[in-house]
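For reference, the structure discussed in these notes is given below.
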Amino acid sequence: MSAATRMEPARIAELTSLIRTTSDETRTTISPLDGEPVADIPVSTIDDVDDAFDTARVTQAAWAQTSVRERSKALLKLHDLVLEHRDELCDLIQLESGKARSQAFDEILHVALTARFYARRLRSQIKPERRNGAFPLLTSIRVNHVPKGVVGIISPWNYPLTMAISDGLPAIAAGNAVVQKPDSQSPLIALAANELFRKAGFPADLWQIVSGSGSTVGTAIIERADYICFTGSTATGTLVAKQAAERLINCSLELGGKNPLIVLPGADVEKAAAGAVTAAFSSGGQLCVSVERLYVHKDLYDDFRDAFVRRTGAMSLGAGFDWETDMGSLVSQSQLETITKHVDDAVANGATVLTGGRPRPDLGPFFYEPTVLEGVTEAAECFAEETFGPLVSLYSYSTVDEAVELANQGEYGLNASLWGPVGVAKDIAPRIKAGTVNINEGFAATFGSIDAPMGGMRASGLGRRQGAEGLHRYTEVQSVGVQRLVPISGPAFVKPALFATLLTAALRFLRRTWRA
């Protein structure tokens, strides 16, 4: 049985019934693993999007009144259900994205970790905070975190499970509802996650899913939501930001990256080479945090290059659902065309292919070998442009200052990886223009640590997911002040001039204390 026929029609019908739609229009998805049809997915209309938001708003009003205990209980139940259903979820991730099973399982782990983190930390993250008032003892201030309302999520195909649900969980935990448009390539895994969300005890109408094109359905979501969470390209993210700005709503955007990896003097070459393979080729290099530029100190360059090329060339490619494959397929013909174009262009401009550099139609329609280039010049498209595929370029450097300067080139600033002595790397990290910097790890140290905020600098995005920041983005900060005994303007029986003198003396006294 081929990968694309693994799902029974009845199961597909169960999942697609979760889409908010009244239309007879459908679109057929295909599996990158073999190019065969997977499912006919119903398409939502603008009226369906309206209905989704209307229903979500009603449900959100009630949900916002639920206790932290009830929300946390449902999050922990979801944690258990995701682990319990890991086999089907992995199958769906592979079926729709083409990635290897071990990398599909990474998404299971991330969703479970996210659910548990917010379940355990929710009370401390949304409880009212006491702040200093204007007058000690007389003025008290409490800061509330009030839910935005209905959050719109437009999620991508490259992390089809974790980006479909992990960004929404803190929104739900904070008391919001969600209307989501998953990418048209990977709707089934988002629907399977939504099914588990309902089984965990969350209200069925709290998380609405609509289906369709970004230009139509995505735009409709932006026009109706109280907050937008978008993951995708910098070009599209810029448009989303403009649309959100026109409505004066906030948004968080995780966008593109041309992420650097620096091998520092004193690094263990073999460990760095092994880590670079994972950093560059996990999920076929189709991760926003994937590494595409490798900078190696000149004294280590030859040894690192040989080790890295050897390990890259030894990677196994395949379309199987087993755990032995190192790298799966690209997601589409478009991705295949991009990497083919980038490699051919780099070679035409003087680069050398050290390993890879070929499509593999014998394995599937969109397979391409993990590829390492040397001698890439500024004239090559892949020098500065994001490939978003299994393509990396090797460069040598002479000094750490030079490496930092090279790493900071370009417009992006999402992720960076440093390999070498930890103390040295820690000193260098603040100089790197990237939202996350991983030391002796490619990207998983920060991405897998849910308490660590994650996001981009410069053209790589706005806002942060994960951590308290990942929840607070979905709330409005509300200050509540209580004044006792004496008005801020002073008691009526005290003349303004005298009150000003008293206040001046009080401020001079407070200057001598610890008070801010």
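The values are calculated or read from the model by the stated rules, or taken from the named source; none is laboratory data. Only a predicted model underlies this, so the values are computations on that prediction, with no experimental measurement involved. Counting neighbours? That spans all protein chains shown, and the Cβs are built from the backbone with ideal geometry, glycine included. The accessibility values were calculated without ligands, DNA or RNA, using every heavy atom of the protein model including side chains. Shrake-Rupley method; radii C 1.70, N 1.55, O 1.52, S 1.80 Å.
How many of the residues making up the range 454-489 are assigned to a loop (DSSP other than H, G, I, E, B) and more than 17 Å from GLY168 (Cβ to Cβ)?
8
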Contact list, first residue from the range 295-319 and closer than 13 Å to LEU261 by Cβ and open to solvent by less than 10 Å² (accessible area, probe 1.4 Å), second anywhere and outside any helix (DSSP H, G or I) and among the hydrophobic types (A, V, I, L, M, F, W, C), beta-carbon distance below 6 Å, six or more apart or interchain, is TYR295/ILE262; VAL296/VAL263; PHE304/VAL263; PHE304/VAL296
Within the range 391-408, residues more than 22 Å from PHE281 (Cα to Cα) and polar (S, T, N, Q) come out as SER398, THR399
Of the residues in the range 405-436, those that are open to solvent by less than 40 Å² (accessible area, probe 1.4 Å) and over 30 Å from GLY357 (Cβ atoms) come to ALA425, ILE428, ALA429, GLY435
Within the range 453-490, the residues that are open to solvent by 20 Å² or more (accessible area, probe 1.4 Å) and among the small types (Gly, Ala, Ser) are ALA459, GLY463, ALA468, SER479, GLY481, SER489
Note on the range 406-432: residues part of a loop (DSSP other than H, G, I, E, B) and not β-branched (Val, Ile, Thr) are ASN408, GLN409, GLY410, GLU411, TYR412, GLY413, LEU414, GLY420, PRO421
How many residues of the range 370-383 are in contact with a strand residue (DSSP E or B) (Cβ under 9 Å, 6 or more places away or on another chain), in a loop (DSSP other than H, G, I, E, B) and either touching a residue at least 60 places away in the same chain (Cβ under 8 Å) or farther than 11 Å from VAL343 by Cα (or both)? The answer is 2
- Message: Can you find a residue that is part of a helix (DSSP H, G or I), open to solvent by 30 Å² or more (accessible area, probe 1.4 Å), of a type in the set (A, V, I, L, M) and touching a residue at least 60 places away in the same chain (Cβ under 8 Å) anywhere in the range 99-112?
- Response: yes
Reported set for the range 117-143 where residues are touching a residue at least 60 places away in the same chain (Cβ under 8 Å), open to solvent by 20 Å² or more (accessible area, probe 1.4 Å) and closer than 23 Å to GLY201 by Cβ is PHE117, ARG121, ILE126
Within the range 218-242, restricting to residues that are closer than 17 Å to PHE53 by Cβ and out of contact with any strand residue (DSSP E or B) (no Cβ under 8 Å at 6 or more places or on another chain), the one that is most open to solvent (accessible area, probe 1.4 Å) is GLU223
Checking VAL146, VAL150 in turn, the sole residue that is crowded, with 21+ Cβ neighbours inside 10 Å and more than 14 Å from ARG465 (Cβ to Cβ) turns out to be VAL150
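I'm checking my understanding of the structure. Among residues of the range 74-97 that are of a type outside the set (A, V, I, L, M), open to solvent by less than 10 Å² (accessible area, probe 1.4 Å) and touching a helix residue (DSSP H, G or I) at 6+ places or on another chain (Cβ under 7 Å), which one is farthest from GLU369 (Cα to Cα)? Working first, answer last.
Taking the range 74-97 first, the residues of a type outside the set (A, V, I, L, M) are 77, 79-80, 84-88, 90-91, 94, 96-97.
Next cut, open to solvent by less than 10 Å² (accessible area, probe 1.4 Å) only: 90, 94, 96-97.
Right, trim to touching a helix residue (DSSP H, G or I) at 6+ places or on another chain (Cβ under 7 Å) and you get 90, 94, 96.
Numbers: CYS90: 23, GLN94: 18, GLU96: 20 Å.
By that ranking, first place goes to CYS90.
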Residues of the range 32-58 being part of a loop (DSSP other than H, G, I, E, B) and under 17 Å from GLY218 (Cα atoms), in sequence order, are VAL43, SER44, THR45
Per the filter on the range 352-369, residues assigned to a loop (DSSP other than H, G, I, E, B), surrounded by 19 or more Cβ atoms within 10 Å (Cβ to Cβ) and of a type outside the set (A, V, I, L, M, F, W, C) are GLY356, GLY357, GLY364, PRO365, GLU369
Selection from the range 14-31 of residues open to solvent by 50 Å² or more (accessible area, probe 1.4 Å), touching a residue at least 24 places away in the same chain (Cβ under 8 Å) and in a strand (DSSP E or B) yields ARG27, ILE30
Residue set ARG71, ARG11; condition in a helix (DSSP H, G or I), basic (Lys, Arg) and open to solvent by less than 20 Å² (accessible area, probe 1.4 Å); output residue ARG71
